């Protein structure tokens with residue numbers, strides 16, 4: 001695999017910005033990215049970074065991305081020396097006019113992640129465990145970056161309220177074992193983020209505009225806060241996996257010291273992100289999500305193309321510089337225009353192009369054509385005894401984002417995976 005295959009999309013955008021400005025980034029996005037990644041990249045680059053913070057344990061280990069099968073069981077995460085437990089404790093509620101103790105369940109999805117980052121950021125920035133949310137709930141959600149706020153059972157305001165209620169009613173346990181001398185070890189046991197708040201509405205039904213963070217949690221937050229960029233959080237706020245990847249990389253990459261990087265397994269990354277999807281689907285989700293994450297964090301040097309995930313030393317996301325010196329490709333000339341007319345050519349000792357041309361999946365029959373030969377060979381070898389063109393038709397109808405352009409190597413990889421699975425699922429008559 002070449003360096004071109006491993007270059008994160010955000011890095012490609014950043015190099016295009018350095019060599020040709022926003023117009024060249026837009027041209028690159030036409031065939032190497034999407035409108036979503038382009039818009040996110042340009043918005044983040046147009047604004048000065050705004051500091052935000054999250055506890056390092058919550059960067060290393062995430063909340064569930066979806067509603068768990070049993071949402072009333074504690075969340076338990078482990079990451080080497082870190083251990084995290086989030087226990088949904090019962091709170092006093094009105095049910096049919098009676099006061100009862102009832103568990104709300106564990107928080108999940110993107111809303112509690114965004115709320116948590118805001119609450120902890122305010123505590124760190126103001127150096128106070130008293131956090132002001134806003135004049136009303138609408139005002140607070142706008143502070144979080146939600147411009148369109150709807151009410152009703154499935155409205156954004158109600159969904160956010162439900163998740164904030166869950167988040168702040170939970171009891172947290174965090175433990176990190178330090179080195180041999182145990183100088184860095186700490187444990188936060190049986191504490192809530194807030195001891196004086198459980199629910200986004202106070203007892204009179206009005207919005208609780210201020211919460212008080214528990215002293216123990218606040219002290220450890222100040223000592224172990226990871227810097228983030230609030231502008232990037234706004235761009236990722238609708239996708240929990242993107243938020244998890246961003247916060248995890250913001251925590252891990254500046255701490256990688258090995259020049260050749262640090263490799264972790266896909267299973268390890270899945271545990272970090274609290275993702276219960278099957279391995280194949282998880283890898284695909286991460287690879288697609290990384291396009292958006294790297295667009296808002298161009299300095300993130302990570303390779304997700306192989307059997308393992310490789311983390312390379314990278315600056316923290318708060319640095320304004322588009323691409324750190326560790327990422328800049330020495331000798332890169334302005335990227336060739338598609339079609340090649342008037343494009344600069346490279347000598348034998350100059351670096352390769354940053355981006356290789358992306359192609360669509362072959363249309364029509366795979367029985368003819370020079371390019372189609374590789375797809376035909378895979379279909380016959382891996383998909384026998386099924387007809388190759390039959391499988392190609394099924395692939396075009398069922399493969400997610402089949403219209404998206406990819407490198408030839410990536411198309412061959414996903415095609416081989418598809419026909420292998422197709423042949424296994426169907427036994428010949």
How do 247-256, 100-109 rank on mean C-beta neighbours within 10 Å, highest first?
247-256, 100-109
Compare the peptides 312-319, 64-71 by average per-residue count of other Cβ atoms within 10 angstrom and give them in order, highest first.
312-319, 64-71
Fraction in percent of alpha-carbon pairs per bin - 5 Å, segment 1-113
2, 9, 12, 12, 11, 11, 12, 11, 7, 5, 3, 2, 1, 0
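Treat the count of other C-beta atoms within 10 Å as a stand-in for reagent exposure and order 415, 266 from fewest to most.
In order of increasing Cβ crowding within 10 Å: 266, 415.
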Debye calculation, C-alpha points only, no solvent: report log10 I(q)/I(0) for segment 372-425 at q = 0.15, 0.24 Å⁻¹, in the same order as the q values.
-0.36, -0.93
Ranking of 209, 77, 425 by count of other Cβ atoms within 10 Å, fewest first
425, 209, 77
Cα→Cβ-extended label distance, 7 Å offset, between residue 73 and residue 365, nm:
5.4 nm
Order of 387-399, 43-55 by packing, highest average Cβ count within 10 Å first?
43-55, 387-399
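Treat the count of other C-beta atoms within 10 Å as a stand-in for reagent exposure and order 224, 272 from fewest to most.
Numbers: 224 20, 272 23.
Taking fewest neighbouring Cβ atoms as first place, the list is 224, 272.
Read-outs throughout are calculated quantities, based only on the coordinates presented, and are distinct from any laboratory measurement. The model shown is predicted, which means the values in this text are computed figures rather than measured ones. Cβ: placed from backbone, ideal geometry, glycine included. Neighbour counts: every protein chain shown.
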